[in-house]
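The values are calculated or read from the model by the stated rules, or taken from the named source; none is laboratory data. Computed from a prediction, not measured in an experiment: that's the story for all the values here. With ideal geometry, Cβ positions are generated from the backbone for all residues, glycine too; neighbour counts draw on all protein chains shown. Accessible surface areas use protein heavy atoms only, side chains included; no ligands, DNA or RNA. Shrake-Rupley method; radii C 1.70, N 1.55, O 1.52, S 1.80 Å.
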Amino acid sequence: MFPLEVFITYTLACFLLVVSPGPDNLLAMGRGLSQGKLAATVSGLASGSGILFHVMAATFGLTLLIQTSELAFYAVKIVGAGYLIWLGIKVLRSRQLFSLEETKKQPLKHIFATGFLSAALNLNRVFLY
């Protein structure tokens, strides 16, 4: 049996992990705040589609390939890192990390693509299925 202090600390850490929103939820909330309910809904559906991509990959054995092949794992890792670097460069080029000004509306297909890629390129999910 764990000492009571360890049990309480562990339980608190688990609780905080469960209640904290992930990147997909934060993306959908940001879209909702800046562009409205429809954009938030599209972003949420896109994230769900990205998660469905992981389920389909696991079903057809792609997850097993990524887990067993170092080359495949690094290829997916490099694609994901490249996407994150591209997003970071876009933010740095805008020279505005935070703004209270109204943003221009983005097309729904762009919102969907961003939400899908955010979820699909999350390698943490690959090893869950």
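Among the candidates Leu27, Leu38, single out the residue that is touching a residue at least 60 places away in the same chain (Cβ under 8 Å), more than 14 Å from Leu121 (Cβ to Cβ), under 20 Å from the mean Cα position of the chain (by Cα) and part of a helix (DSSP H, G or I). Working first, answer last.
Numbers: Leu27 fails: more than 14 Å from Leu121 (Cβ to Cβ).
Among Leu27, Leu38, only Leu38 is touching a residue at least 60 places away in the same chain (Cβ under 8 Å), more than 14 Å from Leu121 (Cβ to Cβ), under 20 Å from the mean Cα position of the chain (by Cα) and part of a helix (DSSP H, G or I).
Checking Ala13 against (1) open to solvent by 30 Å² or more (accessible area, probe 1.4 Å); (2) at pLDDT below 90; (3) within 20 Å of Phe116 (Cα to Cα); (4) of a type in the set (Gly, Ala, Ser), only one condition comes out false. Which one?
The failed condition is (3).
With the requirement that a residue be closer than 14 Å to Ala120 by Cβ and among the hydrophobic types (A, V, I, L, M, F, W, C), what does segment 51-80 give you? First the steps, then the outcome.
Taking segment 51-80 as the starting set, the residues that turn out to be closer than 14 Å to Ala120 by Cβ are 51-58, 62-63, 66, 76-77, 79-80.
Across segment 51-80, the qualifying residues are Ile51, Leu52, Phe53, Val55, Met56, Ala57, Ala58, Leu62, Ile66, Val76, Val79.
Name the residues in segment 27-40 that are over 15 Å from Thr103 (Cβ atoms) and exposed (fewer than 13 other Cβ atoms within 10 Å of the Cβ), would you?
Matches in segment 27-40: Lys37 only.
Suppose we keep only residues that are in a helix (DSSP H, G or I) and open to solvent by 90 Å² or more (accessible area, probe 1.4 Å) within segment 80-101. Which one would you say is nearest to Phe116 (Cα to Cα)?
In this case the residue turns out to be Leu84.
Can you find even one residue in segment 60-69 that is hydroxyl-bearing (Ser, Thr, Tyr), over 21 Å from Pro23 (Cβ atoms), more than 20 Å from the chain's Cα centre (by Cα) and modelled with pLDDT of 85 or more?
yes
Consider only pairs whose beta carbons are under 7 Å apart and that are at least six residues apart or on different chains; among these, list those whose first residue lies in segment 111-122 and is under 14 Å from Val55 (Cβ atoms) and whose second residue is open to solvent by 50 Å² or more (accessible area, probe 1.4 Å).
Short answer, once both residue conditions are applied: Ala119/Ile51; Ala120/Phe53.
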